[in-house]
Amino acid sequence: MIGEVTNVQKGMIEVRSESGEFFRCLLRGKLLQKERTEKNVVAVGDRVLFERLHKDQGIITEVLPRDKCLVRKGAGKKGRHLHQVIAANVDQVLIVVAIKDPPYHKNLIERYITAARGSDLDVTIVFNKADLGLSEETKADIQKYRDLGYRVFLTSTVSNLGIEEVKSALQGRSSVLAGSSGVGKSSLVNAICNSNVRTGEVSDSTHKGKHTTTSSQVHLLPDEGRIIDVPGMREFAISGTEGLDEAFEDIVELSAKCRFRNCTHTVEPGCAVRQAVANGILDERRLQNYLRMKTEV
Ligand SMILES: Nc1nc2c(ncn2[C@@H]2O[C@H](COP(=O)(O)OP(=O)(O)OP(=O)(O)O)[C@@H](O)[C@H]2O)c(=O)[nH]1
Ligand SMILES: [Zn+2]
């Protein structure tokens, strides 16, 4: 049978068959061996061949070649330098943030954009919880992302603002939701799929979700398309610098005017990038985030 991996836990892989049945699967011996030495032999979103053993149990015999994936640098000591496939076979990243509660972090948004563009994935940004009131600063931030060429939606799962627009942006696409815990990813999925995923109240003191999504899930859209919801990621280490120059096109463009071709935009005289910061055209924060990511991989 052919199926899609909808969840990966230690020792158990959930697979949805083409007819919509769920199976708890193990990896066949050969794949299992591979898993000991390589990370991500199987990831959420993978298409697999599997055999039914009995009832809802099965064994995965083959992982079919992957299309585009959202990847980050593996966490933990062992996986330090390994790529971790967050979602397989996707074509766009839906970056979900809240306008407040919890506050959004531009550095993290830039990391997601870099990872997405590094894998040639389209980027759409959702600013959720619009009902909580938009500050002038947030309005300006949204405009900046639009100026950079990204599609940005302002949504509220309370008032339903923007939900139809997001729905149509997801239609027929394979999207992965990227965002911190508590921004409203589950609520968005519920509004879009008319399903009922458990959501959590954000506790006031910590701004951390209480009933948080702890494992990935794949949701099918009413007509066509799928959404992969991954657990909230507070950190996101990029696995390569491929997407950096595209995610920071403005800086790359400015650097063409630096006096030195190999300018690091830190101490050199005649640096057009630092000049732009001094002139208030470029955020110091944005430049620092770019430089940090450039050297961390
Ligand atoms: N005011 C407001 N609250 C919202 C909105 N969307 C979600 N919430 C609330 O925000 C909290 C977190 O929502 P979830 O949908 O669980 O967030 P999540 O991103 O799935 O969080 P994790 O499951 O932890 O990853 C819940 O209390 C929701 O009711 C919104 O548009 N406006
Ligand atoms: Zn420079």
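Rounded, prolate or oblate: which one fits segment 85-229, using the alpha carbon gyration tensor with axes a ≥ b ≥ c (rounded when a/c is under 1.5, else prolate when a/b beats b/c, else oblate)?
Values: a/c = 1.33, a/b = 1.07, b/c = 1.24.
It is rounded, given that a/c, with a ≥ b ≥ c, falls under 1.5.
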Residue by residue through segment 158-173, which ³J(HN,Hα) values in whole Hz follow from phi under the Karplus form 6.51 cos²θ - 1.76 cosθ + 1.60 (θ = phi - 60°), with glycine and proline marked x? 7, 9, 6, 4, x, 5, 4, 5, 5, 3, 6, 6, 9, 4, x, 10
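In the structure displayed, which of Lys100/Lys167; Lys10/Lys55; Lys257/Lys294; Lys30/Lys73; Lys34/Lys167; Lys10/Lys185 lie more than 31 Å apart, Cα to Cα? Write out the running numbers ahead of the final one.
Details: Lys100/Lys167 22 Å; Lys10/Lys55 21 Å; Lys257/Lys294 19 Å; Lys30/Lys73 25 Å; Lys34/Lys167 38 Å; Lys10/Lys185 24 Å.
Where the Cα-Cα span goes over 31 Å, the pairs concerned are Lys34/Lys167.
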If amide hydrogens are placed 1.01 Å from N in the peptide plane, which non-local residues have theirs closer than 5 Å to the one on Leu64? Arg47, Val48, Leu49
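What does the charge dipole of segment 2-65 about its Cα centre add up to, to the nearest 20 debye, if the Cβ of each Lys and Arg holds +1 and the Cβ of each Asp and Glu holds -1? Each step should come with its number before you reach the end.
On the way: 11 positive and 10 negative charges, 58 e Å.
The dipole of segment 2-65 has a size of about 280 debye.
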Probe of 1.4 angstrom, ligands and nucleic acids ignored: what's the accessible area per residue over the chain, in square angstrom? 52
Heavy-atom accessible surface of the chain: percent carbon and sulfur, 1.4 Å: 48
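If packing is taken as the mean number of other Cβ atoms within 10 Å per residue, what is the order of 113-123, 269-279, 130-140, 179-189, highest first?
Working: 113-123: 22.1, 269-279: 16.1, 130-140: 12.5, 179-189: 24.6.
Descending packing order for the listed peptides: 179-189, 113-123, 269-279, 130-140.
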Once you measure Cβ to Cβ distances between cysteines in the chain, which Cys have no partner under 4.7 Å? Cys25, Cys69, Cys193, Cys271
List the residues whose amide H sits under 5 Å from the amide H of Val71, counting only those 5 or more places along or on another chain, with H placed 1.01 Å from N in the peptide plane. Ile86
By how many nm would the segment from Gln171 to Leu220 grow when fully extended, if each residue of separation counts as 0.36 nm and the alpha-carbon distance is taken off? 16.6 nm
With the dipole of the chain defined by +1 on each Lys or Arg Cβ and -1 on each Asp or Glu Cβ, the option from Ala278, Gly45, Asn262 whose Cα lies farthest towards the positive pole is Asn262
Through the Karplus equation 6.51 cos²θ - 1.76 cosθ + 1.60, θ set to phi - 60°, convert the phi angles of segment 137-142 into ³J(HN,Hα) values in whole Hz; use x for Gly and Pro. 5, 5, 4, 5, 4, 4
Arrange the peptides 66-73, 53-60, 286-293 so that the one whose residues have, on average, the most other Cβ atoms within 10 Å appears first. 66-73, 286-293, 53-60
Against the 2.2 N^0.38 Å scaling, with N counting residues, where does the chain land? I'd like the Cα-based Rg ratio to two decimal places. 1.08
With a point put 7 Å past each Cα toward its Cβ, work out how far Arg285 is from Met1 in nm, to one decimal. 4.9
Could you give log10 I(q)/I(0) at q = 0.26 Å⁻¹ for segment 248-296, computed by the Debye formula over C-alpha point scatterers of equal weight, without solvent? -1.02
Which angle between 0 and 90 degrees, to the nearest 10, do you get for helix 106-118 versus the longest principal axis of the chain when only C-alpha atoms count? 60
Residue-wise, which Karplus ³J(HN,Hα) couplings in Hz belong to segment 268-284, taking 6.51 cos²θ - 1.76 cosθ + 1.60, θ = phi - 60°, and x for glycine or proline? 5, x, x, 8, 6, 6, 5, 4, 5, 5, 4, 7, x, 7, 10, 5, 4
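The values are calculated or read from the model by the stated rules, or taken from the named source; none is laboratory data. All of these numbers come straight from a predicted model, not from anything done at the bench. Note: ideal-geometry Cβ built from the backbone for every residue, glycine included; neighbour counts use all protein chains shown. Ligands, DNA and RNA are stripped out before the accessible areas are found, and what is left, the full protein with its side chains, is counted by its heavy atoms. Shrake-Rupley method; radii C 1.70, N 1.55, O 1.52, S 1.80 Å.
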